[in-house]
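Trainee: Before we start, here is the structure in question, set down as structure tokens.
The values are calculated or read from the model by the stated rules, or taken from the named source; none is laboratory data. Nothing here was measured: the structure is a model prediction, and the numbers come from that model. Cβ atoms come from the backbone with ideal geometry, glycine included; neighbour counts cover every protein chain shown.
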Amino acid sequence: MLPVLAAAWSLPAAAFLSALLLLRAPAWRSDGRGLLSDLFHQLIRYGKTRLPGWSHNYLVPKSWFIHFYVVSVVWNGSLLYWLFRAEFLGESLPSWIQDMHRALGRDSQSEDIADSEYFSALLVLLLLWLHSCRRLAECLWTSVFSNGFIHIVQYFYGLGFYIALGSTVLCQVPTNVRNGKVVRLGYDVPFGDWFESISCPHYFAELLIYVSMAIMLGFQNVTWWCVVMCVLFNQALAAVLSHEFYQKNFCSYPKHRKAFIPHVF
């Protein structure tokens, strides 16, 4: 366990959990207007869930989501390259990576890590990079971005998130080793497959991706389970906001659907 990394991931996890709980409190609902309430909703809402009439100060286009995956493909691809060379060619990781390890509490001379754990870290980093490549391809050739916006704080959090993810994986081991035709830009009630049970299966699938990575790194890896908690509360918050949007804008929206986890939440 790396105390610094675990604490670093626990902080945003706690922040998203707090935001999710506040969202359910009557005093912090969207109809409660006030300086703190407005700031709260400005920071947690984006795209279709943003409330009308707000200023566009400190906002960037939602289409800038693509920057997250460009950064992730480049950054995590570079880390994957260096870890591959260290694992299979016996080379040392660059000095700046070793400095990062030491700053985050990893003993670079530790020899008590099994070969399987090195391979697990390499596999997780590979899956993370492939996931980022897939999301980048979706942004380029599949997604149709509306005229929505995200807050600049959310934007920089997204950039930092994908940089921190790969760095966290790398710190688990010592250093020595758009096609198609757009019909329209409006929103409809989605149906089919997981949409029959939950409003946001893509958020639930995102959580499952990180849970699978955690399982590969080992149940005893507290640091990565802190990452999972951060993703869990982040995606749960976004799912609840989207779920409320559908309920508010579609009177015939299926009442049996949950927001995030089938039959649970």
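Trainee: Only one of Met213, Met229 is farther than 20 Å from Leu126 by Cβ and either not in a helix (DSSP H, G or I) or not assigned by TED's automatic domain parsing to the domain that holds Ser120 (or both). Can you tell me which?
Mentor: Result: Met229 is the single residue among Met213, Met229 that is farther than 20 Å from Leu126 by Cβ and either not in a helix (DSSP H, G or I) or not assigned by TED's automatic domain parsing to the domain that holds Ser120 (or both).
Trainee: Go through (1) on the phi > 0 side of the Ramachandran plot; (2) modelled with pLDDT of 85 or more and name the single condition Arg50 misses.
Mentor: (1)
Trainee: Kindly provide the set of residues from segment 16-37 that are of a type outside the set (A, V, I, L, M, F, W, C) and farther than 22 Å from His243 by Cβ, ordered by number.
Mentor: Once the filter is applied, which keeps residues that are of a type outside the set (A, V, I, L, M, F, W, C) and farther than 22 Å from His243 by Cβ, segment 16-37 yields Arg33, Gly34.
This table checks each residue for (1) within 17 Å of the chain's Cα centre (by Cα); (2) outside any helix (DSSP H, G or I); (3) modelled with pLDDT of 85 or more.
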residue	(1), (2), (3)
Trp82	no, no, yes
Gly90	no, yes, no
Trp96	no, no, yes
Arg102	no, no, no
Asp112	no, yes, no
Ala121	no, no, yes
Leu127	yes, no, yes
His131	yes, no, yes
Leu136	yes, no, yes
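Trainee: Now, a different point. Which one is surrounded by the most Cβ atoms within 10 Å (Cβ to Cβ) among residues in segment 246-256 that are touching a Phe, Trp or Tyr at 6+ places or on another chain (Cβ under 8 Å) and in a helix (DSSP H, G or I)?
Mentor: Ranking the qualifying residues of segment 246-256, first place goes to Tyr246.
Trainee: If the Cβ limit is 7 Å and pairs must be 6+ apart or interchain, which residue in segment 245-265 that is charged (D, E, K, R) pairs with which residue that is assigned to a loop (DSSP other than H, G, I, E, B) and surrounded by 15 or more Cβ atoms within 10 Å (Cβ to Cβ)?
Mentor: The qualifying pairs are Arg257/Ser197; Arg257/Ser199; Lys258/Ser197.
Trainee: Can you go through Ile209, Ile215 and tell me which one is closer than 23 Å to Leu11 by Cβ and surrounded by fewer than 21 Cβ atoms within 10 Å (Cβ to Cβ)?
Mentor: The conditions single out Ile209.
Trainee: A further question on this structure: Give segment 138-170 a look and list any residue that's β-branched (Val, Ile, Thr) and assigned to a helix (DSSP H, G or I), or say none.
Mentor: Ile152, Val153, Ile163, Thr168, Val169
Trainee: Given the structure, is Ala14 surrounded by 13 or more Cβ atoms within 10 Å (Cβ to Cβ) and small (Gly, Ala, Ser)?
Mentor: yes
Trainee: What pairs can you find where one residue is in segment 187-205 and in the same structural domain as Val231 (by TED's automatic domain parsing) and surrounded by 13 or more Cβ atoms within 10 Å (Cβ to Cβ), the other is among the polar types (S, T, N, Q) and part of a helix (DSSP H, G or I), and their Cβ atoms are less than 6 Å apart, with a gap of 6+ or different chains?
Mentor: Ser199/Ser242; Cys200/Ser242; Tyr203/Gln235
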